[in-house]
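Quick notes on the structure that follows.
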Amino acid sequence: MSVQFHEAVKVGDVAQDSAVHLKIADREIALINLAGAFYAIGGICTHGAARLADGYIEGELIECPQHAGTFEIKTGKAVDYPCTVNVKSYDVRIDGDTVMIGWEPL
Ligand code: FES
């Protein structure tokens, strides 16, 4: 099955080295602008009910605002305790001035 892309935000809507929380087609997503490149990962921490976009970007990690667990921005991999379960990583593409986020339909 091929990835289907969904319109997310305009490129200029997310400042460099910041994140926004999005809800697209019932999915909670954290979209992160890391040094001008966009990455999308699951928006809710796998340890609790915190929004990762409300956390802190440290290098290539995003730190959960709740208990300071971290995930890799580029892959969604859980890195620091207490996070042990990865968040999903989504495909991102830029279409003109629009950020598109994609995943394979169920
Ligand atoms: S809710 Fe994210 S580290 Fe606990």
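Worth a mention:
- Other-chain or far-sequence residues with amide H under 5 Å of I44's (modelled H): L52
- You can think of it this way: the chain between L106 and V85 has 5.5 nm of extra reach, that is 0.36 nm per residue less the Cα-Cα gap.
- Using the alpha-carbon positions of the chain, Rg (one decimal) and Dmax (whole number) come out as 12.9, 39 Å.
- J(HN,Hα) series, the stretch 91-106, from Karplus relation 6.51 cos²θ - 1.76 cosθ + 1.60, nearest Hz, glycine and proline x: 6, 10, 9, 9, 10, x, 10, 10, 8, 10, 10, x, 7, 6, x, 5
- Residues whose placed amide H lies under 5 Å from that of Q4, excluding near-sequence neighbours: W103, E104
- Long-range HN-HN contacts of L34 with modeled amide H, under 5 Å: D17, Y39
- Other residues whose C-beta falls under 12 angstrom from the C-beta of G55 contribute a net charge of -3, scoring Lys and Arg +1 and Asp and Glu -1.
- The magnitude of the dipole of the stretch 4-103, with charges of +1 and -1 set on the Cβ of Lys/Arg and Asp/Glu and taken from the Cα centre, is near 220 debye.
- In Hz, Karplus ³J(HN,Hα) per residue of the stretch 55-70 (6.51, -1.76, 1.60; θ = phi - 60°; x = Gly, Pro): x, 10, 8, 10, x, 9, 10, 10, 9, 4, x, 7, 10, 6, x, 10
Here, each number is a calculation from the coordinates, and none is a lab measurement. Being a predicted model, the structure only gives us computed values, none of them experimental. Every residue, glycine as well, gets a Cβ built from its backbone with ideal geometry; the counts of neighbours run over all protein chains shown.
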